[in-house]
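Colleague: Sharing a structure, written as structure tokens. Questions coming.
The values are calculated or read from the model by the stated rules, or taken from the named source; none is laboratory data. Quantities reported herein were computed from a predicted structural model and do not represent experimental measurements. Cβ placement follows ideal geometry from the backbone for every residue including glycine, while neighbour counts extend to all protein chains displayed.
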Amino acid sequence: MSAADRASEKGSFKAWLVLALGLSAISTSVLFIRWASDAPGETVAVWRTVFGAMLLLPAAWSKARPEIKDLTSSEWLLITISGVFLGLHFVTWINALYFTTVASASALVALSPLFLAILGFFLLQERLTTRESIALVVAILGAAALGWVDRTPSSAAASNPVLGNGLALSAAGFVSVYLLVGRFVRQRRSWLAYVAPVYVVTALTTLLVSVVTGSSLLGWGWEIYALCLGMAIVPHLIGHGSVNWSLKYLSAASVGLASLGVPVISAFWGALAFGEIPTLPALGAMAVILLALALFIHSKRAG
């Protein structure tokens, strides 16, 4: 093996380790949200996004300020749209975990790649292959089956599973718009110059939602604010930051397939921390969803 091959193998191994760390960190989001559930979901969304923006702004100010100043009006419009939909994603995702099980919410929000494909088909005329179409149909059937088996409340944590599952699906749709719009800006701008202003818009969006819903932002115990800060650091900066770093060394399809482990790890956290053991029918429906996603992402890599 040549020195170049050894260096490449070492870099790839390091990338997989970093990716595993990132995906594990992302999966802890469900723990922080559930532990902070004494506060309204909108309140948690505000402080999670505000802290996330505050932690990122110093780096953006020192490293990406000239590039941010150079953003065009059309890029600012796209950034605004992207940030609004990311904010709506956080609001719906956090609230989903207030009404349904961790396992169900995590499996449904993982459907974002398929939402992205549907948006690409209708908005960008991106054609779907036969495999992708089959994966889409199978995923829809899996989601429908999960909705059926989850139709009745099973615990205090899953007090309204129909609402919670609907919110999780909405969260998948919202984050797909965020990713779709982000494609255009990221083609010309660095990650930091794009994501820093997006996170500011995201925080403002969640703040607006909290005002509309009348959710109180102040007066909660220090534990709530500490948990929101933990969300901003662990799932957000460490988790998504590690995944973005690994994309420099691993293919998007490989990262996508590995990301299917997040719902599995999240379900493990739900079982361990909250005693949420999915029923066999629910596990079967989740397995169908994850298999459909694996088929879809694999077809992308094959294409």
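Colleague: So, in the stretch 1-46, how many residues would count as being aliphatic (A, V, I, L, M), over 17 Å from Ile233 (Cα atoms) and at pLDDT 80 or above?
Modeller: Looking only at the stretch 1-46, we keep the residues that are aliphatic (A, V, I, L, M), and these are 1, 3-4, 7, 15, 17-21, 23, 25-26, 30-31, 33, 36, 39, 44-46.
If we keep only those that are over 17 Å from Ile233 (Cα atoms) too, we end up with 1, 3-4, 7, 15, 17, 39.
In the following step, the residues that additionally are at pLDDT 80 or above were identified as 15, 17, 39.
So the count comes out to 3.
Colleague: Something else: Which of the residues spanning the stretch 25-35 are assigned to a helix (DSSP H, G or I) and over 14 Å from Val255 (Cβ atoms)?
Modeller: Step one: of the stretch 25-35, the residues assigned to a helix (DSSP H, G or I) are 25-27, 29-35.
Residues satisfying the conditions are Ala25, Ser27, Ser29, Val30, Leu31, Phe32, Ile33, Arg34, Trp35.
Colleague: OK, next. Could you grab me the full set of residues in the stretch 86-133 that are without any contact (Cβ under 8 Å) to a residue 60 or more places away in the chain, farther than 13 Å from Gly173 by Cα and in a helix (DSSP H, G or I)? I'd like the intermediate steps shown before the answer.
Modeller: First, pick out the residues of the stretch 86-133 that are without any contact (Cβ under 8 Å) to a residue 60 or more places away in the chain: 118, 121-128, 130, 133.
Now narrow it down to the ones that are farther than 13 Å from Gly173 by Cα: 121-128, 130, 133.
Those that are without any contact (Cβ under 8 Å) to a residue 60 or more places away in the chain, farther than 13 Å from Gly173 by Cα and in a helix (DSSP H, G or I): Phe121, Phe122, Leu123, Thr130, Ser133.
Colleague: Just checking, does the stretch 77-86 include any residue being among the hydroxyl-bearing types (Ser, Thr, Tyr), out of contact with any Pro (no Cβ under 6 Å at 6 or more places or on another chain) and over 30 Å from Leu260 (Cα atoms)?
Modeller: First pass over the stretch 77-86, keeping only residues among the hydroxyl-bearing types (Ser, Thr, Tyr): 80, 82.
This time we only want the ones that are out of contact with any Pro (no Cβ under 6 Å at 6 or more places or on another chain), so: 80, 82.
Next, from what is left, pick out any that are over 30 Å from Leu260 (Cα atoms): none.
No; the residues of the stretch 77-86 include none that is among the hydroxyl-bearing types (Ser, Thr, Tyr), out of contact with any Pro (no Cβ under 6 Å at 6 or more places or on another chain) and over 30 Å from Leu260 (Cα atoms).
Colleague: How many of the residues in the stretch 52-78 are surrounded by fewer than 21 Cβ atoms within 10 Å (Cβ to Cβ) and closer than 30 Å to Ala158 by Cα?
Modeller: Looking only at that region, the number is 0.
Colleague: For the stretch 127-141, does any single residue satisfy the condition of being closer than 26 Å to Ala45 by Cβ, surrounded by 14 or more Cβ atoms within 10 Å (Cβ to Cβ) and at pLDDT 85 or above?
Modeller: As a first pass, look at the stretch 127-141 and keep what is closer than 26 Å to Ala45 by Cβ: none.
No, every residue in the stretch 127-141 fails to be closer than 26 Å to Ala45 by Cβ, surrounded by 14 or more Cβ atoms within 10 Å (Cβ to Cβ) and at pLDDT 85 or above.
Colleague: Determine which member of the set Leu272, Leu218 is aliphatic (A, V, I, L, M), surrounded by fewer than 16 Cβ atoms within 10 Å (Cβ to Cβ) and assigned to a helix (DSSP H, G or I). I'd like the intermediate steps shown before the answer.
Modeller: Values: Leu218 fails: assigned to a helix (DSSP H, G or I).
Unique residue meeting the criteria: Leu272.
Colleague: Consider Ala196 carefully, then state whether it is touching a Lys or Arg at 6+ places or on another chain (Cβ under 7 Å), in contact (Cβ under 8 Å) with a residue 60 or more places away in the chain and surrounded by 18 or more Cβ atoms within 10 Å (Cβ to Cβ). So that I can check it myself, show each step before the final result.
Modeller: Numbers: touching a Lys or Arg at 6+ places or on another chain (Cβ under 7 Å): no; in contact (Cβ under 8 Å) with a residue 60 or more places away in the chain: yes; surrounded by 18 or more Cβ atoms within 10 Å (Cβ to Cβ): yes.
Answer is no for this residue.
Colleague: Out of (1) over 23 Å from Leu31 (Cβ atoms); (2) outside any loop (DSSP other than H, G, I, E, B); (3) at pLDDT below 90, what's the single condition that is false for His236?
Modeller: So His236 meets the others, but not (1).
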